[in-house]
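S.K.: Before we start, here is the structure in question, set down as structure tokens.
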């Protein structure tokens, strides 16, 4: 028999991360299931919610709209997406998700490969509405 480990993760097992907007849950990750090549999650955006602009310097992002519709901005260019559509976001491409519809949108995402360290995997280029503005630390590069 093959030597492998299987761990099932339920949506409700993962606490929502709202730091960048929406309800984002990284479900299959190195810390939750021991993933070694990437990670997968689900984001839910209510009407007029956003996931703020960011990019991944080491990873491609595979994005699939499972329900609803939204507008994705890729390096500032709009791309309207509907349920059943997917897009590949190359590493280094700035992207922002906005639900400009009247119903919730659900997006499944997968990023691969993993960054060398978790803190290097995600670069914010926009602050979430209502989030505190970061205070620069003396001697810290911005």
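Quick note: the coordinates plus some simple rules give every number you see, no bench work behind them. Because the structure is predicted, anything quoted here is derived from the model rather than measured. Neighbour counts are summed over all protein chains in view; Cβ atoms, including those assigned to glycine, are modelled from backbone coordinates with ideal geometry.
S.K.: What's the extension gain from residue 102 to residue 19 if we count 0.36 nm per residue and subtract their Cα-Cα distance?
M.R.: Gain on stretching residue 102 to residue 19: 27.6 nm.
S.K.: Taking the simple approach of a point 7 Å from Cα along Cα-to-Cβ for both residue 5 and residue 74, what is their distance in nm?
M.R.: 3.6
S.K.: Testing the spin-label approximation: label points 7 Å from Cα along Cα→Cβ at residue 66 and residue 33. State their distance in nm.
M.R.: Result for the modelled spin labels: 1.2 nm.
S.K.: Springs between alpha-carbon atoms under 10 Å, Gaussian network over the chain: tell me which of 92, 34, 22 tops the mean-square fluctuations.
M.R.: Largest GNM mean-square fluctuation: 34.
S.K.: Okay, next question. I need to check one value: relative contact order of segment 16-116, counting alpha carbon pairs closer than 8 Å and at least 6 residues apart, in percent.
M.R.: 35
S.K.: Taking every eigenvalue of the Cα gyration tensor of segment 16-116, multiplying by 5 and rooting it, what semi-axes result, largest first, whole Å?
M.R.: 21, 15, 12
S.K.: So how much slack lies between residue 94 and residue 46, counting 0.36 nm per residue of separation and subtracting their Cα-Cα distance, in nm?
M.R.: 15.1 nm
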